[in-house]
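The values are calculated or read from the model by the stated rules, or taken from the named source; none is laboratory data. Since this is a predicted model, take the numbers as computed values, not measurements. For neighbour counting, all protein chains shown are included, and Cβ atoms are generated from backbone atoms with ideal geometry for every residue, glycine included.
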Amino acid sequence: MKRTARRLIAALLSLTLFLGVTPLSSAAAAQGDITDDGKVDTMDALRLYAFVSGQGSILTPTQFIAADMDGNVTVNMIDALLLYSVASGGENEPEKPQGVTVRAGITPESTYTKNIKVVNTCTGKTFTATTKSALQMAVAEIVRYEMGMTTFAEKSTEAWKAQAVAAYTMLARHCYNGAAYEIYMTKDIDLNNSHDRRIYDAVGEVLGIKIAYNDSKKSAYNQLCEVFYSAGSAGTTCSTMAVWGYVDYEYLQPVESAYDNAEWVTYCSAGTDPFVRRFSLTMDELKTCLKKLLGKDAIYQDSKAGAYSLYPTKTVGPYWMYSNLWYYNSQGQKTYVMGNDISYAICAYHPVIYCASHALTVVGESNGTLTIETRGDGHGIGLSQYGAAGYANEAGWTYDRILAHYFCIEEDTAWGLVGPKWD
């Protein structure tokens, strides 16, 4: 709890300074007593930050009035920043984010590029990486597919660069043994288009850089890190262990993602991708989806006094690792259904519902129908695309700092950013 609080405080102070929010008058500060304990301090700021970022409960009408720091009859991240500026007195400036060194590569790049193949299943075009320019085009195609909206690079292309490094690492590993990587876009990248050219040029600035172990004792394949990315986390990223229950990568541990919140995601997606989603379905519908996903004839459930019929039995941060639903595995053992399985099963097998994340909250149940909220979009592992865009465009971070943050890279870690060894 203390560690989480410190991270939230650091995030608020960093955002305050980067966005140039100045402290309010003492009169305005008096209205910031969200916790109603007779004082305005960082606990009030944390309470408000949790609310506006979608990580806390709703505010009462009285608390809402107290939270409206700038008096515009809305409560958003700016109010949280203003309140923190008041509570902290503008002191304790954070260390300016620093990047990490790109280490010299030791493995000839053709080892990774020779089998790369990106297939656009919509246009039918195939991109290979037989030359540097061809590799640049293949990676640019993925960056455009993943983060092509202009808002991702409104002020800076650093988020695109971070995505390019992650995408190339993923491509090099995925295609290493001959597998093709498929995308679906109605139109391929066009270098005569200024927006597409900007993506292509950004990719060129980091071409060949990978997230990897620079260790000659490892095989070329095992030097590459297992890289993941998703549209956005629930405010904190997730580990592979919490998603799949196995393989706990040291470079894929949970980290805060301060810009994964309703306000930034709404802006960055131009309102097309809500941070919080709500849907309703019956337990029978959910079990039917899970049976199809898991190939089981029956899904059972535990019950607990005072709980809804669906609840988590283990959580990691905002994410459900295991639920109270279970089945018998092939060895006849009782096996609990993972939160990610619930999300994936609904997306794959329910005819109309999109369950965007396994950061789940059951908010109601009536006549056998569950009402569920999700936060974020995707598995939440590794790079958050919305988070990267926020850090790049609002906080001024460079691509290497973004990748260092999301993949736990420091100068002395065994893994890091590894440059190309062109041959």
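For this structure, a couple of remarks:
- Here is the figure for segment 215-250: residues that are surrounded by fewer than 19 Cβ atoms within 10 Å (Cβ to Cβ), among the aromatic types (Phe, Trp, Tyr) and assigned to a loop (DSSP other than H, G, I, E, B) total 2.
- Residue in segment 288-295 that is over 23 Å from the mean Cα position of the chain (by Cα), surrounded by fewer than 22 Cβ atoms within 10 Å (Cβ to Cβ) and not in a helix (DSSP H, G or I) present: yes
- Listed here are the helices (runs of 4 or more DSSP H) enclosed by segment 339-423 that have at least 2 residues being within 30 Å of Ser110 (Cβ to Cβ): 385-393, 399-406.
- Residues (touching a strand residue (DSSP E or B) at 6+ places or on another chain (Cβ under 8 Å) and either aliphatic (A, V, I, L, M) or not assigned by TED's automatic domain parsing to the domain that holds Gly368 (or both)) located in segment 280-306: Leu281, Met283, Leu286, Leu290, Leu294, Ala298, Ile299
- Evaluating Ala359 against the criteria (1) of a type in the set (A, V, I, L, M); (2) more than 15 Å from Ser233 (Cβ to Cβ); (3) in contact with a strand residue (DSSP E or B) (Cβ under 8 Å, 6 or more places away or on another chain) leaves one unmet condition, (2).
- Checked against the criterion of being farther than 14 Å from Gly378 by Cβ and touching a residue at least 60 places away in the same chain (Cβ under 8 Å), the candidates Glu205, Glu263, Glu226 yield just one match: Glu263.
- For segment 188-213, a residue qualifies if it is more than 30 Å from Glu410 (Cβ to Cβ) and touching a Ser or Thr at 6+ places or on another chain (Cβ under 7 Å), and the qualifying residues are Asp188, His195, Arg198.
- Boolean, Pro108 is within 30 Å of Glu410 (Cβ to Cβ), modelled with pLDDT under 70 and in contact with a Lys or Arg (Cβ under 6 Å, 6 or more places away or on another chain): no
- Qualifying residue in segment 223-230 (condition: at pLDDT 95 or above and over 26 Å from Asp260 (Cα atoms)): yes
- Pairs are defined by a Cβ separation below 6 Å, a sequence spacing of at least 6 or placement on different chains, a first member in segment 359-372 that is under 24 Å from Val316 (Cα atoms), and a second member that is charged (D, E, K, R) and crowded, with 16+ Cβ neighbours inside 10 Å; the pairs so defined are Ala359/Arg375; Thr361/Glu373; Val363/Glu373.
One line per residue, one yes/no per condition, for (1) out of contact with any helix residue (DSSP H, G or I) (no Cβ under 6 Å at 6 or more places or on another chain); (2) modelled with pLDDT of 95 or more; (3) not assigned by TED's automatic domain parsing to the domain that holds Thr313:
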| site | (1), (2), (3) |
| --- | --- |
| Ala356 | yes, yes, no |
| Leu370 | yes, yes, no |
| Tyr386 | no, yes, yes |
| Ala389 | no, yes, yes |
| Tyr399 | no, yes, yes |
| Asp423 | no, no, yes |
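- Among the criteria (1) within 19 Å of Tyr213 (Cα to Cα); (2) in the same structural domain as Thr282 (by TED's automatic domain parsing), the one Asp412 does not fulfil is (2).
- Residue check, Tyr406 buried (at least 23 other Cβ atoms within 10 Å of the Cβ), under 20 Å from Asp273 (Cβ atoms) and touching a Lys or Arg at 6+ places or on another chain (Cβ under 9 Å): no
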